[in-house]
1. If you take every residue apart from B:Gly46 with its C-beta less than 11 Å away from the C-beta of B:Gly46, what net charge results, scoring Lys and Arg +1 and Asp and Glu -1?
2. Largest first and to the nearest Å, give the Cα extent of chain B along each principal axis.
3. Measuring from label point to label point, each 7 Å out along Cα→Cβ, what is the B:Glu182 to A:Arg107 span in nm?
4. Rounded, prolate or oblate: which fits the stretch B:2-143, taking a ≥ b ≥ c as square roots of the Cα gyration tensor eigenvalues, rounded meaning a/c under 1.5, else prolate when a/b beats b/c?
5. Report, for chain A, the % of DSSP beta bridges that are antiparallel, rounded to 5.
6. Sort B:Asp131, A:Asp21 by Cβ crowding within 10 Å, fewest neighbours at the top.
7. Relative to the longest principal axis of the C-alpha atoms of chain B, give the angle of the C-alpha long axis of helix B:11-22, reported between 0 and 90° and rounded to the nearest 10°.
8. For chain A, build the convex hull from the C-alpha positions and give me its volume per residue in Å³.
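Just so you know, all these numbers are worked out from the coordinates, no wet-lab data involved. Just so it is clear, the structure is predicted and the values come from calculations on it, not from any experiment. Here the Cβ positions follow ideal geometry from the backbone for every residue, glycine too, while neighbour counts run over all protein chains shown.
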Amino acid sequence: MNVLVSVKRVPLTGGKIVLTDDERAISTRHLGFTVSPHEECGVEEAVRLIEQHGGSSTVLTLGPPEAEEQLRDMMALGIDRAVHLVTDASDEWDPQATANAIVEAIRAEPDPYDLLLFGNESADAGNYQVAIRVAHKLGLPVVTGVKAITVESDQSVRLEQEVPGGRDVYVVPMPAVATVKEGLNLPRYPSVPGRLRAKRKPVASSTPARPQPQLEMVRLVLPPGAGKETEVLGNGADAAPAVVKVLDELGLL
Amino acid sequence: MILVFAERSDEELFRQALAFARSLGDDDVLAVGIDDPAGYSPDAWGTALAGVTGDRRASVVVGPGTERGNEVLAHVAAMLDLPMAANCTSATSGDPLTLTRIRWGGSLLEEAQLHGSPGLLTVAPHAVAADPAAESDVVELVSVAPDGGVRVSERVETTTAGVSLADADVVVSGGRGVGSAEGFAVIEELAALLGAAVGCSRAVTSAGWRPHTDQVGQTGTKISPSLYIACGISGATQHMAGCKGAKKLMAINPDNEASIFASADYAVIGDLHEVVPAISAEIRKTRGGG
């Protein structure tokens, strides 16, 4: 089977977000980059599905030239090849433009995909819609928030979603689109041989034209701080009586 | 006319969406529910909502910031090839519609313009006060074809033991500072004494020390306890997005520069492996003596 997984390069934000001077991006001068957490699980699942059923896995990203770093990282985990839709780092793509570019890229691929995995939402923009738009354009079924995937012998796929009190199960024919959530699996760490192999794996690049955004970011704003007064209860084990006094005042004892 | 998608898996969030819609202007607000005896189908519900959107010539469609709210509105957006803004905290009608929405699980806000009519929005949870329940609430029900769409084929019930993380009144969490799976024994002991749920940070689940169901954060569980005790957690935005609903935050960390202290009501500077057992011992002493 052929599995596609889409990822997005995002900064590792750490404890405090600092904006660029034009307030249109996070200042990343001191930050590393990763992919969205849900997508890490999508990548792990793609690798496992191919290990189990045979076939080929592809990782796709729409992002700046530097996003090749993330594609290599994902290939180091066992993904076979990559598709890079190269964008200008200074221009954000809205969800419609992103979905349309991904659809064009999928249509241009030599082999069709049986399963197309996305993160449930990106860590940064959190628009919750790219995969659903891709599914509609391609006329494929889509299930979101997936925490378990089983490919059945009859070319259908069982997709399980966590809901309060249980799991909802969807069984859909492939090809199908699924958005996954962290907790689907525990992603592996890259191995040294994996990293070496990743350097030689193929990346197919193209440069789509960016249309005018319909959801257009004007600027980013840091939410007002809580302005909290922090009461220091003490250092080390000596703080225990002060902590217990607080617990008592809060009515928790 | 402004339509509100009456997705009522969470009544409070539906009422917040209703209040949000009423704040948008003078237009009539109509709540539209889906009558589907066959259960839930995201695309069939999206088709039904897109249909009534056209019939009513809606200027804006507002959905609650629930999983299903975001999902069904995204289907409507895909069908009508219109832009959609998820998790808005405020909006002003107009052409274009201007709005503020959350990014990074609420650690950052985005001011944006939505070019397209009708405007499709969902409302970030707890960004606005809920509309009070009223007898006169009218929810128009729209039927869907029972055999259409991708549907739930089976519901597997799961039983959870102990206090659920999402509903717990007190949560005690451990982070990277716990050091190992075994290290959580001291966290579990304190949690048991307080009748609290045990949580953890993403570093812990990534290391395989705790299951993902224990993870508090943007991609884990979002909690809103009376008290959150964070032990050995640095306070990355990913984590804070999951615990910002806590009424009080107590942080225990050896690094007095840790960013979690900026959000803490109470701070203890120290190694959790010394501090947490001392707190448990002190609770026992207090209870034994009282």
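1. On the way: positive: B:Arg68; negative: B:Asp43, B:Glu71.
So the environment of B:Gly46 carries a net charge of -1.
2. 68, 41, 38
3. It is 5.9 nm.
4. Numbers: a/c = 1.35, a/b = 1.22, b/c = 1.11.
The shape class here is rounded.
5. Working: 17 of 44 bridges.
Antiparallel bridges: around 40 percent, rounded to the nearest 5.
6. Values: B:Asp131 20, A:Asp21 7.
Lowest count first: A:Asp21, B:Asp131.
7. On a 0 to 90 degree scale, this one is about 50.
8. Values: hull volume 49.6 nm³, N = 253.
It comes to 196 Å³ per residue, whole-number rounded.
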